[in-house]
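J.: So that we are looking at the same thing, I have put the structure below in structure tokens.
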Amino acid sequence: MATEAAVAVAFNSIDELLYGICEKLQLGRSDYGFAEDCYKGIGAYLDQHPLLAQYRPEVYPQGSVRLGTTVKPRGRQEYDVDLVCELQLDPSRISNPVAVLDLVQASLASSRAYAPLLERKDRCIRLKYTGRFHLDVLPACPDLAAGGTCVLVPDCEARAWKASNPKGYAKWFEGRCRTSEQAILAKAAALPEAEAVGEKAPLKLVVQLFKRARDIRFANKADLAPRSIILTTLCAIHYTGEMSVADAVGNVLRGVLNSIALASPRRLVVPNPMNNKEDFSESWAESARYMAFLDFVREFGRNWELLQLARGIHNVRAILEKLFGEDVTNAAVEEQIRTFNRAREEQSLGLAGAGILTHVLKPQAVSIPKHTYHGR
């Protein structure tokens, strides 16, 4: 019979531990609720502001909050909420795109509530709610030449328009979330409700795990960390509908590593799937950033292979800690151990097949006697 330490992992599989880790990465309801209130306030304010009202502004979320892939920040870091403020302007008639950014900034600066929070960035206006999160407002105009939901955003450094398509990307990502057993419908442009881990499509959990692994790997080198949108896009491209999060992570890693090999000796290019004029990976033109990404994904792949071979809770825990951090890993492992012990106490644990443990006793399952797990 399998040892106690090995059984604890076999009980609900690596998937159960990954779900537990993702639970710990979730934003708290209060934090999410506060961000939602701020988002609604910004939208209402900009919609009615005299400087912008004539351009019929539409404020909608983009990025991790829109996609449901936000990860709780580590330490003193803050999470971000990304918003688009799309103005009905013809960009061809605007000689200086930065003027649009100036217009949105001036609108926010005229508010006593928002003015103290403002920080000008290259492509957006940031409102810093210190100690909680920051909210980035990205001005945009419809890209009339490209059509559809494509937009153009001002870039201060380049003093030019940059192509994008946040709405199209969100719809594409939701489409990629479809599993072999279910389809996840795209949601409206409003800030989505916070999803519990059990309600999320496996792809969203995969993205959260990749982002957490990135945060751990680049804890002391944040300037070299790959952008979240790059990781999200790569995960979505290489996800093939697996219901198992562990299988999905492994397949995504293999897909990314294969794409890197195919791109060599040049760098991998990651365009916006819904607007190929936007290169999410343009920062990789700087070789140090690209090499840092290569080192990260290769190390992730090696550790994932070791995880599949690991036996015993000590070994599994050590690898998960290295990938995702001690705090969330330990919390997930301890919860699985408690669940395992409760099942034993309730005599609802059985063996179904060669060493496979199950919650529900099947006719062919052999009952496992009560026993307190001490193999920590």
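J.: Restricting the search to segment 287-321, which residues are within 19 Å of Ala222 (Cβ to Cβ) and either modelled with pLDDT under 95 or surrounded by 14 or more Cβ atoms within 10 Å (Cβ to Cβ) (or both)?
T.: First, the residues of segment 287-321 that are within 19 Å of Ala222 (Cβ to Cβ): 287-297, 299-300.
Within segment 287-321, Arg289, Tyr290, Ala292, Phe293, Leu294, Phe296, Val297, Glu299, Phe300 meet the criteria.
J.: Taking the criterion of being charged (D, E, K, R), over 30 Å from Met243 (Cα atoms) and at pLDDT 90 or above, would at least one residue in segment 30-38 satisfy it?
T.: No, segment 30-38 contains no residue that is charged (D, E, K, R), over 30 Å from Met243 (Cα atoms) and at pLDDT 90 or above.
J.: Does at least one position in segment 83-91 carry a residue that is outside any helix (DSSP H, G or I) and of a type in the set (D, E, K, R)?
T.: yes
J.: Step by step: first the residues of segment 207-226, then only those that are charged (D, E, K, R) and either part of a helix (DSSP H, G or I) or without any contact (Cβ under 8 Å) to a residue 12 or more places away in the chain (or both), then the one that is farthest from Arg74 (Cα to Cα). Which residue is that? Steps first, answer last, please.
T.: In the first step, residues of segment 207-226 are kept if they are charged (D, E, K, R); the result is 211-212, 214-215, 217, 221, 223.
Among the residues that remain, those that are also either part of a helix (DSSP H, G or I) or without any contact (Cβ under 8 Å) to a residue 12 or more places away in the chain (or both) are: 211-212, 214-215, 217, 223.
On the way: Lys211: 12, Arg212: 9, Arg214: 12, Asp215: 8, Arg217: 12, Asp223: 16 Å.
For segment 207-226, the residue satisfying everything is Asp223.
J.: In segment 248-282, which residues are in contact (Cβ under 8 Å) with a residue 60 or more places away in the chain and closer than 24 Å to Leu205 by Cα? If you could, list the steps in order and put the result at the bottom.
T.: Here is the first cut: in segment 248-282, the residues in contact (Cβ under 8 Å) with a residue 60 or more places away in the chain are 249, 272-275, 277-278.
The answer is Val249, Asn272, Pro273, Met274.
J.: Taking the options Val328, Val333, name whichever one is assigned to a helix (DSSP H, G or I), β-branched (Val, Ile, Thr), farther than 13 Å from Glu16 by Cβ and touching a residue at least 12 places away in the same chain (Cβ under 8 Å). Full working, then the answer.
T.: Working: Val333 fails: farther than 13 Å from Glu16 by Cβ.
That would be Val328, the only listed residue that is assigned to a helix (DSSP H, G or I), β-branched (Val, Ile, Thr), farther than 13 Å from Glu16 by Cβ and touching a residue at least 12 places away in the same chain (Cβ under 8 Å).
J.: Now, a different point. Quick one: count up the residues across segment 220-233 that are more than 13 Å from Trp172 (Cα to Cα) and either in contact with a Leu (Cβ under 8 Å, 6 or more places away or on another chain) or surrounded by 22 or more Cβ atoms within 10 Å (Cβ to Cβ) (or both).
T.: 3
J.: I need a count of the residues in segment 21-61 that are in contact (Cβ under 8 Å) with a residue 60 or more places away in the chain and more than 23 Å from Asp80 (Cα to Cα).
T.: So the answer is 1.
J.: Just the residues that are in a loop (DSSP other than H, G, I, E, B) and without any contact (Cβ under 8 Å) to a residue 60 or more places away in the chain, please, taken from segment 227-247. I'd like the intermediate steps shown before the answer.
T.: Of segment 227-247, the ones in a loop (DSSP other than H, G, I, E, B) are 227, 239-244.
Passing the criteria: Arg227, Thr240.
J.: Can you tell me which residue within segment 263-293, out of those that are part of a helix (DSSP H, G or I) and touching a Leu at 6+ places or on another chain (Cβ under 9 Å), is farthest from Val245 (Cα to Cα)?
T.: Ala288
J.: Which one of Glu78, Glu86 is farther than 20 Å from Thr233 by Cα, in contact with a Phe, Trp or Tyr (Cβ under 8 Å, 6 or more places away or on another chain) and surrounded by 17 or more Cβ atoms within 10 Å (Cβ to Cβ)? Break it down stepwise before answering.
T.: Values: Glu78 fails: surrounded by 17 or more Cβ atoms within 10 Å (Cβ to Cβ).
None of the others qualify; the one that does is Glu86.
J.: Any idea which of Arg254, Arg227, Arg298 is within 16 Å of the chain's Cα centre (by Cα) and of a type outside the set (A, V, I, L, M, F, W, C)? Don't jump to the end; show me each part of the working.
T.: Numbers: Arg254 fails: within 16 Å of the chain's Cα centre (by Cα); Arg298 fails: within 16 Å of the chain's Cα centre (by Cα).
Checking each option against the conditions leaves just Arg227.
J.: Regarding Leu103, is this residue touching a Phe, Trp or Tyr at 6+ places or on another chain (Cβ under 8 Å) and assigned to a helix (DSSP H, G or I)?
T.: no
J.: If you scan segment 251-269, which residues turn out to be farther than 20 Å from Glu282 by Cβ and surrounded by 19 or more Cβ atoms within 10 Å (Cβ to Cβ)?
T.: Across segment 251-269, the qualifying residues are Val252, Leu253.
J.: Hey, any hits in segment 156-178 for a residue that's of a type in the set (A, V, I, L, M), on the phi < 0 side of the Ramachandran plot and under 23 Å from the mean Cα position of the chain (by Cα)?
T.: There is at least one residue in segment 156-178 that is of a type in the set (A, V, I, L, M), on the phi < 0 side of the Ramachandran plot and under 23 Å from the mean Cα position of the chain (by Cα).
J.: Of all residues in segment 138-153, which are modelled with pLDDT under 95 and under 26 Å from Gly41 (Cβ atoms)?
T.: None - no residue of segment 138-153 is modelled with pLDDT under 95 and under 26 Å from Gly41 (Cβ atoms), so the list stays empty.
J.: Quick check on my filter: what residues within segment 53-73 are farther than 30 Å from Cys235 by Cβ and buried (at least 20 other Cβ atoms within 10 Å of the Cβ)?
T.: Pro57
J.: If you don't mind, another one. Specify the residue that is surrounded by the most Cβ atoms within 10 Å (Cβ to Cβ); the eligible residues are those in segment 95-135 that are touching a residue at least 60 places away in the same chain (Cβ under 8 Å) and polar (S, T, N, Q).
T.: In this case the residue turns out to be Ser107.
The values are calculated or read from the model by the stated rules, or taken from the named source; none is laboratory data. Keep in mind that what you see is a predicted model, and the values were worked out from it rather than measured. Note that each Cβ is placed from the backbone with ideal geometry, even for glycine, and that neighbours are counted across all protein chains shown.
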